[in-house]
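Written out below as structure tokens is the structure these notes cover.
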Amino acid sequence: MGLVGTAVVRDGGAALPRGFWAAVRVWLEKPQVANRRLCGAAIEAEGTVPLGEGGEASSPLTALWGGGGPEGREVSAGAAELGRLWREVCGQLPAGHGQLPPPLTPWDGPGRRSELRAVLRTLLPRGRPVGPPAPPRRELAVQDVYNGTVTFLPLEEDSEGKYQIKKCNIYQIQLTHLKDEEWSVSIVAPFPEDWFSDGIAYPKLAWLGNELLSKLAKWSVEQKPSEFKSTLSLISVAKYSKVYQDLKEKYKEMVKVWPEVTDPEKFVYEDVAIATYLLILWEEERKEKGFTKKQSFVDLGCGNGLLVHILNNEGHSGRGIDVRRRKIWDMYGPETHLEESTIMPGDSHLFPDTDWLIGNHSDELTPWIPVIAARSSYSCCYFVLPCCFFDFHGKYSRRQSKKTQYREYLDFVAQVGFVCGFCVEEDCLRIPSTKRVCLIGKNRTYPPTECALIDKQITQYINNHQTRPVVTHDRRVGFNHKDHSDVFKEAGSELPENETETAGTIWMPGFQPREKVEQIRNCASLPRDFVDDVVLSVANLLLNAAPQKSCSNMHGGNMNTWNQGESLSLKEVAEHLNKETLKRLKSEYGGLQTLLKNNHQVFEVLNGRVHIRDWRKEKPSRKTKPEVKRRLSAEAFKTRLCWFFLHHPDGCSLPSESCTYAHGTEELRQSQIIKKKKHIQ
């Protein structure tokens, strides 16, 4: 009775009971990692509370619970109210003395102590409610370390501002030591028959006993220190949830009119999330520094410009600069300030009147942004979201093998910020991207009188990271031209005509900005005849290789044998192609492998080996496709001829009705996707 679920765990590494409390902390502070319908939780108050009737709460326990950020700073103010809330809650439990209903483990059991630890949290739903907004879902979590339990008491506020326990939804998480290395993690609810579920803050009991319990058990013994900060650790999650939903609603129409070839949902909602983060970060900065005017900004490498558009619309003056104009720029209107220009790190690209520099996937400019901010003015700050790995002069080369490449690059960009005299902070954004760690330089480590000293430090640091000789003028980065006059002449002669006169203002003449015209080098621009010839040559090579693999299949009651061919390594395939073909492929990113993968209908490339694709073996995706992908699949059906029907000696391995490609011109349909693209243009 009342047992929702239990899981037995083995602790061979002495992680328990400490690991259990770490798992509970995750569920308390970041419930969204388990319950995807939540955006997070706001910790409103925490502290120690006495057993029995009454008493005031003592100092908050932010260190114990790992509290931090804006919520952590507000916890101290809420701790004083915890005593009053605790008295109200205790009076509503059995006998009016704070006793828990069975079968929950009582607080006054063996080893009774004078204090418990409590956290008041508000659960934040991910999306907007369909109907009228529901009142905030608050819970008081009471931790009893000695007995290994944490009890969740859902609270509802009445018209007089007093909290009432929602008794039907009380539950307790328990840790029990069974024997030796065996422990059990259990979830118990005293009134399971009355449990109320709204599918968001109050999930079903079955979900608690299956999904949550399995995660708690796993986290308890597999807690590994993350190499990244917690998501949204520097701002209020509650504010973020509200502002994000408002902006998402405000800019959702952009998805419908997106003219770029990139995925509209990913890019629109990612930029909405980044804008949300910056708006809250800047609001906090205005409060801290006593500013009234909203911060100005420049987005370096602004791309589609949507982030600039949102920030401009929300009252922040600023502009975006990118080497290449995008089609969507024309849709924003005159209030959104975007410039098509090449940025060369140097004195001609400083921003002394700008409060913040933004680098959102700014590629080759990423390591330069802290430098530009430091040299623009003492008050200039920066925000970078590193993606592709670039050094000051080109692609970043790995220096350590013990870290992931991403972690190593983040540390490099953070180190640049430290050298530039910034207190660099790291946070993790909530965006649909694998590269979602941002670095923020908001405060300086030195007084304004030491700007010249820091400037020399920056120059020396960049000098130590260059890999090719460049020119030095005063503080500019590079070799001393007195000792390398030949290099000076050579470098000067290689500069474009419009940059020769300003060579002295460029900090690293060897810097390579992005090309204005984006080169397509993924084999997509190769002539169709050339691609078809390579595909046919490779397919024949695989089909004629010995021994041949034959796969049997039943079609209409007849047993047919279909030649699947042999598999060969990419190296073996390349050895059979002529030199002119290989030379042409090498000019493309990925070369032969990219071309074969692009021809997904014919080939399958696995672990460096090339196979003829057998569509009978293709398994349907386990995950339900999003509506957009389902629609695109339906629109593309029978819009291309089947390669196997035309070229394979045994024809297609699938009957016409099962093949997504057309078996003959009479089955061809006109592509609806092409029609839509023409209409947009």
Name the pairs: first residue in segment 416-428 and in a helix (DSSP H, G or I), second residue hydroxyl-bearing (Ser, Thr, Tyr), Cβ to Cβ under 7 Å, at least 6 apart or on different chains? Val419/Tyr461
Please go through segment 429-462 and pick out each residue that is in a strand (DSSP E or B) and closer than 18 Å to Tyr409 by Cβ. Val437, Cys438, Leu439, Ile440, Gly441
Looking at (1) over 23 Å from Cys380 (Cα atoms); (2) surrounded by fewer than 18 Cβ atoms within 10 Å (Cβ to Cβ), find the lone condition where Glu314 falls short. (1)
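Looking at the structure I just gave you, is Glu227 under 27 Å from Val26 (Cα atoms) and either among the β-branched types (Val, Ile, Thr) or surrounded by fewer than 15 Cβ atoms within 10 Å (Cβ to Cβ) (or both)? Before you say what the answer is, go through the steps one by one.
Working: under 27 Å from Val26 (Cα atoms): yes; either among the β-branched types (Val, Ile, Thr) or surrounded by fewer than 15 Cβ atoms within 10 Å (Cβ to Cβ) (or both): yes.
Yes.
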For segment 109-125, does any single residue satisfy the condition of being in a loop (DSSP other than H, G, I, E, B), assigned by the TED database to the domain that holds Glu193 and at pLDDT 85 or above? no
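Would you mind finding the one in Arg609, Arg630 that is at pLDDT 90 or above and basic (Lys, Arg)?
Values: Arg630 fails: at pLDDT 90 or above.
Unique residue meeting the criteria: Arg609.
Just to confirm my filter: which helices (runs of 4 or more DSSP H) fall fully inside segment 233-325 and include at least 1 residues that are of a type outside the set (Val, Ile, Thr), more than 23 Å from the chain's Cα centre (by Cα) and under 20 Å from His337 (Cα atoms)? Spell out the reasoning first.
Details: elements: 237-251, 264-289, 306-313.
Per the criteria, 306-313.
What about Val89, is it in contact with a helix residue (DSSP H, G or I) (Cβ under 9 Å, 6 or more places away or on another chain), modelled with pLDDT of 60 or more and on the phi < 0 side of the Ramachandran plot? Steps first, please.
Details: in contact with a helix residue (DSSP H, G or I) (Cβ under 9 Å, 6 or more places away or on another chain): no; modelled with pLDDT of 60 or more: yes; on the phi < 0 side of the Ramachandran plot: yes.
Considered against the rule, which asks whether it is in contact with a helix residue (DSSP H, G or I) (Cβ under 9 Å, 6 or more places away or on another chain), modelled with pLDDT of 60 or more and on the phi < 0 side of the Ramachandran plot, Val89 comes out as no.
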State the number of residues belonging to segment 379-411 that are under 18 Å from Pro345 (Cα atoms) and buried (at least 16 other Cβ atoms within 10 Å of the Cβ). 12
Lys625 being surrounded by 11 or more Cβ atoms within 10 Å (Cβ to Cβ) and modelled with pLDDT under 80: yes
Here's a check for you: in segment 453-470, which residue that is of a type in the set (A, V, I, L, M, F, W, C) and buried (at least 16 other Cβ atoms within 10 Å of the Cβ) is modelled with the lowest pLDDT? Val470
Is there a residue in segment 167-190 that is surrounded by fewer than 19 Cβ atoms within 10 Å (Cβ to Cβ) and of a type in the set (Val, Ile, Thr)? yes
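The values are calculated or read from the model by the stated rules, or taken from the named source; none is laboratory data. Predicted model only: the values in this text are computed from it and were never measured. For neighbour counting, all protein chains shown are included, and Cβ atoms are generated from backbone atoms with ideal geometry for every residue, glycine included.
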